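What follows is a single structure, written as C-alpha cells, with notes after it.
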Amino acid sequence: MQVDGRTYLRCAACEATFVPPAQRPAAEVERAEYELHRNDPADAGYRHFLDRLAVPLLARLAPASTGLDYGCGPGPVLADMLRAAGHAMTLYDPFFAPDPAALARTYDFVTCTEVAEHFHDPAGEFARLDGLLRPGGWLAVMTCFQTDDARFAGWHYRRDPTHVVFYREATFRVLADRFGWQCEVPCKDVVLMRKPGG
C-alpha cells in the first residue's frame, strides 16, 4: 500500500507491516528525530506510561535480576525505575549508549520499549535479543500494535518517519513460535516473551 509517498509491505508469515529498505531513514535523520524526544525522569505521566511494561515484568522477575535496556535512548527512565526496584541494569543504544560490551553478555531480562518499530532488520534484531537472554529470561517489548488496516493511513504512529515496522499481536506470537518463547500480552501494546530453560 502507498501512503503519503511511502510504500508499506505486509509479511505474509507474521502479518507485520514494514517500509522497504530504500525508504527507511538514514542514521543521521534518525538521530535528529530521537534528539527531539523529551523523556523526563521527573514526568509522572511518562513513568505511568512505562509502568504498563514495568509492572507486569517486575511481577515475573526474581529479586536482584540483571537486565538490559535495549534501545534506551537519551533518557533511560525505564532503567532507572527497574534499578529502583532492585535490579541491576545495563544500557545499550546504537546512538546514545553504543557500548559493544553490553552486547557481549547475557541477561535475566531485556527491555525494548518503543524501540522495535525502529528496527531496520527485525528478524536479525530479535535473533540478537534471543542471544542476549539467559535460559528462562524475559524479553519485554512495548510498541503500539497495529490493528486496523482501514485506519492505517491516519494512524499517528505511522507518521513518525523513524517508525519503519509495525507489529500485530499475531506477529509476536509468530516470533515466539520461531524462537520457542512463551508469549504473554498482559495489556495493550505490551508483550512479554520468556526464553525456555532456566
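The values are calculated or read from the model by the stated rules, or taken from the named source; none is laboratory data. What you see is a predicted model; the values in this text were computed from it and never measured. All Cβ positions, even for glycine, are placed from backbone atoms using ideal geometry, and neighbour counts span all protein chains on display. These accessible areas exclude ligands, DNA and RNA; they are computed on the full protein's heavy atoms, side chains included. Shrake-Rupley method; radii C 1.70, N 1.55, O 1.52, S 1.80 Å.
Within the set of pairs 6 or more residues apart or between chains, which connect a residue that is at positive phi inside region 70-90 to a residue that is among the hydrophobic types (A, V, I, L, M, F, W, C) and part of a strand (DSSP E or B) with Cβ atoms less than 8 Å apart?
Listed pairs, sorted by first residue: G71/C112.
Hey, among the residues in region 123-156 that are in contact with a helix residue (DSSP H, G or I) (Cβ under 7 Å, 6 or more places away or on another chain) and open to solvent by 10 Å² or more (accessible area, probe 1.4 Å), which one's nearest to F49 (Cα to Cα)?
C144
I'd like to know if region 12-32 contains one or more residues that are touching a strand residue (DSSP E or B) at 6+ places or on another chain (Cβ under 7 Å), closer than 20 Å to H156 by Cβ, β-branched (V, I, T) and at pLDDT 95 or above.
Looking for residues that are touching a strand residue (DSSP E or B) at 6+ places or on another chain (Cβ under 7 Å), closer than 20 Å to H156 by Cβ, β-branched (V, I, T) and at pLDDT 95 or above, one finds at least one in region 12-32, hence yes.
Considering (1) touching a helix residue (DSSP H, G or I) at 6+ places or on another chain (Cβ under 9 Å); (2) open to solvent by 20 Å² or more (accessible area, probe 1.4 Å), say which one H163 fails and leave the rest.
(2)
For region 35-74, how many residues are over 17 Å from V190 (Cβ atoms) and either touching a strand residue (DSSP E or B) at 6+ places or on another chain (Cβ under 9 Å) or open to solvent by less than 20 Å² (accessible area, probe 1.4 Å) (or both)?
8
For region 5-32, which positions are among the charged types (D, E, K, R) and in contact (Cβ under 8 Å) with a residue 24 or more places away in the chain?
Residues satisfying the conditions are E15, R24, E30, R31.
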